[in-house]
Amino acid sequence: MATVDDARRSDKATAVAAWEALFRAQVTVMRALNADFPGGEISFNEYDVCFNLSTQPGRRCRMRDLTGHLLLTQPSVSRLVDRLASRGIVEKQPDPTDARGVIVALTARGFDVYRSVAVQHAQTIAEQVGAGLDDDELRTLTELCTKLRVAAGGSDRRDRDAGRVRA
């Protein structure tokens, strides 16, 4: 007869197996997306900065908020933003509400560059992610990933926009 401890071990093993499957799928898809990324004007990480800025009101946000959306350290994000600023893709502005803060804004040129890359990148995403899943499965995947992120404490505006490539 199964005990409560057996059930907990089974739940734990199931959760670990699900994590491994999710992680391996993510790594495989990210490698393919990175390999096929149309990086003529901006890199994959620079695109991520532009994507995140494009989802913010006025296409701008505080540097620390931007850093919270990326899988990079604060110093790496600062260097990345500096490179983008030197090319006119973003601009850094003082935060009027906090003298220590910096606002990062996507420029009109930066938004044009982002949109051009996003159109091409969206096609690669559709090919990679849609390759093994039908439309119902893709919707279910979106719902499950959003539910997982919210349960892990990652609830924000991006939960409603999960998986979308804005252009």
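The table for this structure:
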quantity: Cβ-Cβ under 8 Å pairs, at least 6 apart or on other chains, the range 24-49 side within 15 Å of ALA118 (Cβ to Cβ), far side of a type in the set (D, E, K, R); calculated: GLU46/ARG83
quantity: Single residue of ARG59, ARG9, ARG31, ARG24 found to be more than 18 Å from the chain's Cα centre (by Cα) and not hydrophobic (A, V, I, L, M, F, W, C); calculated: ARG9
quantity: Residue among VAL102, VAL119, VAL77 that alone is open to solvent by 30 Å² or more (accessible area, probe 1.4 Å) and more than 22 Å from ALA32 (Cβ to Cβ); calculated: VAL102
quantity: The range 66-75: number of residues that are in a helix (DSSP H, G or I) and either free of Cβ contacts under 8 Å to residues at least 24 places away in the same chain or closer than 14 Å to PHE44 by Cα (or both); calculated: 4
quantity: Filter pass, VAL129 being within 21 Å of VAL77 (Cβ to Cβ) and in contact (Cβ under 8 Å) with a residue 24 or more places away in the chain; calculated: no
quantity: Selection count, the range 99-125, where residues are over 17 Å from the mean Cα position of the chain (by Cα) and free of Cβ contacts under 8 Å to residues at least 24 places away in the same chain; calculated: 6
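A quick yes/no check of all residues on (1) open to solvent by less than 60 Å² (accessible area, probe 1.4 Å); (2) part of a helix (DSSP H, G or I):
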position: GLN26; (1), (2): no, yes
position: ASN34; (1), (2): no, yes
position: GLY39; (1), (2): yes, no
position: LEU53; (1), (2): yes, yes
position: ARG64; (1), (2): no, yes
position: VAL81; (1), (2): yes, yes
position: LEU84; (1), (2): yes, yes
position: GLU91; (1), (2): no, no
position: PRO94; (1), (2): no, no
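The values are calculated or read from the model by the stated rules, or taken from the named source; none is laboratory data. As the structure is a computational prediction, the values presented were derived from the model and not from experiment. Counting neighbours? That spans all protein chains shown, and the Cβs are built from the backbone with ideal geometry, glycine included. Heads up: the accessible areas ignore ligands, DNA and RNA and are worked out on the full protein's heavy atoms, side chains in. Shrake-Rupley method; radii C 1.70, N 1.55, O 1.52, S 1.80 Å.
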